[in-house]
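Here is the structure we will look at, set down as structure tokens.
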Amino acid sequence: MRLFTIDREGKLIPYKEHHFKESDLEALLESNPEYLFEDGKVLIIGRQVTTNLNSFIDLLGIDKAGNAVVIELKRDKTPRETLAQLLEYASFAENLDYSQLNQIYQDYSGEETSLEDYHHQYFNFGSQVEEKVSFNKTTKLIIVAQKITKEIRQTALFLRKKGLDVYCVEFKYFQTKSGEKIITSDFVVGEEEFIRQKVQSASLPKVDEDKFLKSLDKNGLEVFQKIFEFAKQNGLMFRWGSKGFSLNVELDGGFVGLFFGYPPDSVFKQSIYTGFEEISKKVNNAEQITEFCRASLEKLGYFVNAKSNLKWVIDQPYSENQIKEFLGTIGKIILKIKENGLSSR
């Protein structure tokens, strides 16, 4: 493929194709998964994911339907090595259940919110709370390279005919003499129709209190500064992820998540999400406490349903009294949790 710009005199000015590192391409795909498929974006849940054979999947994602997406960069491997490795990864990914996918996502993102909730928000299911995704019913396999060889293309087409969902994508990088850059992508295989073990993943860098506060708008700053003051006064524990945090109460050598906080650039927007799953898994009389939490927070008037949890989207100013009411409610929930103690399950 050759690319040109047209100057004011109608002359063609060629873009020169450049080579770029596969690691740079991996980072681009990780940061821009919405451009991988023309018909829908991919949620990246892991990078350099360790398989049961101690090999590493470059990128592991989930599509809107909940299916696993294995993305393998060709790098400097031969066609046979590339295809063999892709099939090895497919045999691993196909057997991952939801709990394993959730663990990969949480290890990678550093967040404690569930994959199901994040997936629901990422793909903008909105208020369709009845929408239930069945995770990993099938697996998509994608080979990415600057050049897909004829050997890879022929074998990938054969695998597609045999029922495997295999795609091959070429990414090319061009630059003009003036420094203007452009990247192209082309499906050379795959678009002709539209033409229980421990798993690990590399982690995204975590934020901290300072970075989190700097990312907030004025409305969020008013709320979260008061939350941080309350947490420090009451000896609560923060667990930081790549975007936000969970606030936890420490109890009997363990901890229980109270809620999650997110900044404006998260898929959850600038918000607070309850952690009812944490209470259900860890605390005695969990059902009674969860009902108390739900009723108390709904009574405040600014929490709304978010699937099995509640959320408070902070997109307008809230009075000091409203924030105090929220923190007072959290204080009552903490007392309930301490009174009942951790479950022995």
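The values are calculated or read from the model by the stated rules, or taken from the named source; none is laboratory data. Note that the structure is a prediction, hence the values are computed from the model and not measured. Heads up, the Cβs are rebuilt from the backbone with ideal geometry, glycines too, and the neighbour counts pull from every protein chain shown.
Of the residues N309, N321, which single one is of a type in the set (S, T, N, Q) and closer than 24 Å to E229 by Cβ?
Among N309, N321, only N321 is of a type in the set (S, T, N, Q) and closer than 24 Å to E229 by Cβ.
Only one residue in E298, E291, E320, E277 is of a type in the set (D, E) and within 26 Å of the chain's Cα centre (by Cα), so which one is that? Write out each step before concluding.
Working: E298 fails: within 26 Å of the chain's Cα centre (by Cα); E291 fails: within 26 Å of the chain's Cα centre (by Cα); E320 fails: within 26 Å of the chain's Cα centre (by Cα).
None of the other options fit; the residue is E277.
Considering each of I142, I182, I148 in turn, give the residue that is outside any loop (DSSP other than H, G, I, E, B) and modelled with pLDDT of 80 or more. Steps first, please.
Numbers: I182 fails: modelled with pLDDT of 80 or more; I148 fails: outside any loop (DSSP other than H, G, I, E, B).
Answer to the selection: I142.
What number of residues within the range 265-319 are under 17 Å from L335 (Cβ atoms) and assigned to a loop (DSSP other than H, G, I, E, B)?
3
Out of E112, E88, E81, E72, I need the residue that is among the acidic types (D, E) and closer than 26 Å to P264 by Cβ. Which one?
E112
For the range 288-326, which positions are of a type in the set (D, E, K, R), in contact with an Asp or Glu (Cβ under 9 Å, 6 or more places away or on another chain) and surrounded by 15 or more Cβ atoms within 10 Å (Cβ to Cβ)?
K307
Pick out the one residue from F158, F174, F123 that is exposed (fewer than 15 other Cβ atoms within 10 Å of the Cβ), at pLDDT 75 or above, among the aromatic types (F, W, Y) and not assigned by TED's automatic domain parsing to the domain that holds K311.
F158
Inside the range 252-264, can you point out the residues that are in a loop (DSSP other than H, G, I, E, B) and closer than 14 Å to F224 by Cβ?
Residues satisfying the conditions are P263, P264.
Would you please list the contacts, defined by Cβ atoms under 7 Å and residues six or more apart or on different chains, that run from a residue in the range 25-45 that is closer than 19 Å to V267 by Cα to a residue that is modelled with pLDDT of 80 or more and of a type in the set (D, E)?
G40/D63; V42/D63; I44/E30
Taking the range 257-309, which residues are out of contact with any strand residue (DSSP E or B) (no Cβ under 7 Å at 6 or more places or on another chain), under 29 Å from K214 (Cβ atoms) and modelled with pLDDT under 95?
Those that are out of contact with any strand residue (DSSP E or B) (no Cβ under 7 Å at 6 or more places or on another chain), under 29 Å from K214 (Cβ atoms) and modelled with pLDDT under 95: D265, S266, V267.
Name the residues in the range 167-187 that are of a type outside the set (G, A, S) and either under 30 Å from L87 (Cα atoms) or within 24 Å of the chain's Cα centre (by Cα) (or both), would you?
Y167, C168, V169, E170, F171, K172, Y173, I183, T184, D186, F187
Can you list the strands (runs of 3 or more DSSP E) found entirely within the range 12-71 that contain at least 1 residues being surrounded by fewer than 12 Cβ atoms within 10 Å (Cβ to Cβ)?
Numbers: elements: 12-14, 16-18, 43-50, 56-62.
It comes to 12-14, 16-18.
Could you please let me know if L159 is part of a strand (DSSP E or B) and under 19 Å from I71 (Cα atoms)?
no
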